[in-house]
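The values are calculated or read from the model by the stated rules, or taken from the named source; none is laboratory data. None of these values were measured; they are calculated from a predicted model. Here Cβ is always computed from backbone atoms with ideal geometry, including for glycine, and neighbour counts include all displayed protein chains.
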Amino acid sequence: MKKFLVHFEENLCVIMLPIMTILVVLSVFGRYTGLFLLNWAEETVRYMYIWLAFLGVGAAAKTDSHFRVGALVESLKPKAKVVASYIYNGLTLAFLVALIVISFNLLERLASMNQLTPMLRLPMGVAYGAIPVGCILMILRTVQRLYEEYKERKSGKTDVAEKEADAT
(Lines give C-alpha, C1' and ligand atoms only; values in the text may rest on other atoms or scores of the structure.)
Protein backbone atom coordinates (compact mmCIF):
# COMPACT_ATOMS: atom_id res chain seq x y z
CA MET A 1 0.00 0.00 0.00
CA LYS A 2 2.88 2.36 0.82
CA LYS A 3 4.34 1.86 -2.65
CA PHE A 4 0.96 2.74 -4.20
CA LEU A 5 0.85 5.99 -2.23
CA VAL A 6 4.42 6.91 -3.16
CA HIS A 7 3.46 6.63 -6.82
CA PHE A 8 -0.19 7.67 -6.31
CA GLU A 9 -0.53 9.97 -9.30
CA GLU A 10 1.30 7.67 -11.70
CA ASN A 11 -0.77 4.67 -10.59
CA LEU A 12 -4.05 6.49 -11.15
CA CYS A 13 -2.87 7.66 -14.57
CA VAL A 14 -1.85 4.10 -15.48
CA ILE A 15 -5.31 2.88 -14.48
CA MET A 16 -7.22 5.67 -16.24
CA LEU A 17 -5.42 5.68 -19.59
CA PRO A 18 -6.36 2.13 -20.67
CA ILE A 19 -9.93 2.66 -19.47
CA MET A 20 -10.15 5.80 -21.59
CA THR A 21 -8.70 3.99 -24.59
CA ILE A 22 -11.13 1.09 -24.26
CA LEU A 23 -14.10 3.47 -23.95
CA VAL A 24 -13.09 5.39 -27.06
CA VAL A 25 -12.50 2.21 -29.10
CA LEU A 26 -15.82 0.71 -27.99
CA SER A 27 -17.67 3.92 -28.69
CA VAL A 28 -16.20 4.27 -32.19
CA PHE A 29 -16.77 0.59 -32.94
CA GLY A 30 -20.38 0.71 -31.77
CA ARG A 31 -21.12 3.89 -33.70
CA TYR A 32 -19.38 2.65 -36.86
CA THR A 33 -21.11 -0.74 -36.89
CA GLY A 34 -24.43 0.59 -35.67
CA LEU A 35 -24.62 -2.19 -33.08
CA PHE A 36 -24.75 0.07 -30.03
CA LEU A 37 -24.29 3.64 -28.87
CA LEU A 38 -22.27 4.70 -25.88
CA ASN A 39 -23.51 8.28 -25.62
CA TRP A 40 -21.94 8.69 -22.22
CA ALA A 41 -18.47 7.47 -23.26
CA GLU A 42 -17.29 10.71 -24.88
CA GLU A 43 -18.18 12.76 -21.83
CA THR A 44 -16.65 10.20 -19.49
CA VAL A 45 -13.39 10.19 -21.44
CA ARG A 46 -13.34 14.01 -21.53
CA TYR A 47 -13.61 14.29 -17.76
CA MET A 48 -11.16 11.45 -17.21
CA TYR A 49 -8.72 13.27 -19.49
CA ILE A 50 -9.06 16.43 -17.40
CA TRP A 51 -8.34 14.43 -14.25
CA LEU A 52 -5.45 12.67 -15.99
CA ALA A 53 -3.88 16.00 -16.90
CA PHE A 54 -4.14 17.41 -13.38
CA LEU A 55 -2.90 14.20 -11.77
CA GLY A 56 0.03 14.38 -14.19
CA VAL A 57 0.85 17.83 -12.82
CA GLY A 58 1.50 16.30 -9.42
CA ALA A 59 3.51 13.44 -10.90
CA ALA A 60 5.70 15.85 -12.86
CA ALA A 61 6.29 18.00 -9.76
CA LYS A 62 7.62 14.98 -7.88
CA THR A 63 10.51 14.61 -10.33
CA ASP A 64 10.78 18.33 -11.19
CA SER A 65 9.86 17.53 -14.79
CA HIS A 66 7.84 20.64 -15.56
CA PHE A 67 8.92 22.59 -18.60
CA ARG A 68 10.89 25.76 -17.95
CA VAL A 69 13.69 27.71 -19.52
CA GLY A 70 16.80 27.09 -17.47
CA ALA A 71 19.47 28.88 -19.52
CA LEU A 72 19.65 31.81 -17.11
CA VAL A 73 19.76 29.61 -14.02
CA GLU A 74 22.42 27.34 -15.53
CA SER A 75 24.70 30.34 -16.09
CA LEU A 76 24.63 31.23 -12.39
CA LYS A 77 27.15 30.23 -9.73
CA PRO A 78 26.17 27.29 -7.49
CA LYS A 79 24.97 29.40 -4.54
CA ALA A 80 22.99 31.68 -6.87
CA LYS A 81 21.40 28.59 -8.43
CA VAL A 82 20.14 27.56 -5.01
CA VAL A 83 18.66 31.02 -4.41
CA ALA A 84 17.09 31.04 -7.89
CA SER A 85 15.62 27.61 -7.21
CA TYR A 86 14.03 28.82 -3.97
CA ILE A 87 12.63 31.91 -5.70
CA TYR A 88 11.26 29.81 -8.57
CA ASN A 89 9.68 27.27 -6.22
CA GLY A 90 8.31 30.00 -3.96
CA LEU A 91 6.62 31.72 -6.88
CA THR A 92 5.29 28.38 -8.10
CA LEU A 93 3.84 27.57 -4.68
CA ALA A 94 2.27 31.05 -4.41
CA PHE A 95 0.67 30.62 -7.85
CA LEU A 96 -0.68 27.19 -6.90
CA VAL A 97 -2.19 28.50 -3.66
CA ALA A 98 -3.88 31.31 -5.60
CA LEU A 99 -5.17 28.80 -8.15
CA ILE A 100 -6.55 26.60 -5.36
CA VAL A 101 -8.42 29.54 -3.83
CA ILE A 102 -9.85 30.54 -7.21
CA SER A 103 -10.83 26.95 -8.05
CA PHE A 104 -12.59 26.49 -4.69
CA ASN A 105 -14.56 29.68 -5.39
CA LEU A 106 -15.50 28.23 -8.78
CA LEU A 107 -16.55 24.95 -7.19
CA GLU A 108 -18.66 26.87 -4.68
CA ARG A 109 -20.45 28.75 -7.49
CA LEU A 110 -21.00 25.55 -9.46
CA ALA A 111 -22.47 23.86 -6.40
CA SER A 112 -24.83 26.78 -5.78
CA MET A 113 -26.11 26.57 -9.39
CA ASN A 114 -26.65 22.78 -9.18
CA GLN A 115 -25.23 22.43 -12.70
CA LEU A 116 -24.97 18.85 -13.96
CA THR A 117 -22.98 17.30 -16.79
CA PRO A 118 -25.16 16.72 -19.88
CA MET A 119 -24.97 12.91 -20.26
CA LEU A 120 -23.72 11.53 -16.97
CA ARG A 121 -25.82 13.91 -14.83
CA LEU A 122 -22.95 14.33 -12.40
CA PRO A 123 -22.36 17.62 -10.60
CA MET A 124 -19.98 19.81 -12.61
CA GLY A 125 -17.83 20.01 -9.50
CA VAL A 126 -16.70 16.44 -10.20
CA ALA A 127 -15.01 17.60 -13.40
CA TYR A 128 -13.70 20.91 -12.05
CA GLY A 129 -12.56 19.27 -8.81
CA ALA A 130 -9.48 18.10 -10.71
CA ILE A 131 -8.05 21.64 -10.55
CA PRO A 132 -7.63 21.95 -6.77
CA VAL A 133 -6.72 18.26 -6.40
CA GLY A 134 -3.97 18.58 -9.02
CA CYS A 135 -2.68 21.79 -7.46
CA ILE A 136 -2.67 20.29 -3.96
CA LEU A 137 -0.78 17.26 -5.26
CA MET A 138 1.71 19.54 -6.99
CA ILE A 139 2.23 21.53 -3.78
CA LEU A 140 2.75 18.35 -1.75
CA ARG A 141 5.17 16.87 -4.27
CA THR A 142 7.07 20.15 -4.69
CA VAL A 143 7.48 20.53 -0.92
CA GLN A 144 8.51 16.87 -0.70
CA ARG A 145 11.14 17.34 -3.43
CA LEU A 146 12.40 20.59 -1.87
CA TYR A 147 12.78 18.85 1.48
CA GLU A 148 14.76 16.02 -0.13
CA GLU A 149 16.99 18.53 -1.95
CA TYR A 150 17.52 20.40 1.33
CA LYS A 151 18.56 17.18 3.09
CA GLU A 152 20.98 16.40 0.24
CA ARG A 153 22.54 19.87 0.42
CA LYS A 154 22.82 19.62 4.19
CA SER A 155 24.56 16.25 3.97
CA GLY A 156 26.79 17.53 1.17
CA LYS A 157 25.60 14.94 -1.35
CA THR A 158 25.22 17.12 -4.39
CA ASP A 159 27.28 14.96 -6.71
CA VAL A 160 25.26 12.84 -9.17
CA ALA A 161 27.41 9.77 -8.48
CA GLU A 162 26.72 10.04 -4.72
CA LYS A 163 22.96 10.26 -5.35
CA GLU A 164 23.04 7.23 -7.61
CA ALA A 165 25.08 5.28 -5.06
CA ASP A 166 22.49 6.03 -2.38
CA ALA A 167 19.63 5.04 -4.69
CA THR A 168 20.99 1.50 -5.06
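Details
- Among residues that are at pLDDT below 90 and touching a His at 6+ places or on another chain (Cβ under 6 Å), ALA84 is not included.
- Cβ separations smaller than 9 Å between residues 6+ apart or across chains give no pair from segment 116-134 residues that are crowded, with 18+ Cβ neighbours inside 10 Å to residues that are assigned to a loop (DSSP other than H, G, I, E, B) and at pLDDT 95 or above.
- Each residue in segment 46-102 was checked for being free of Cβ contacts under 8 Å to residues at least 24 places away in the same chain, under 30 Å from VAL24 (Cβ atoms) and loosely packed, with under 11 Cβ neighbours inside 10 Å, and 2 pass.
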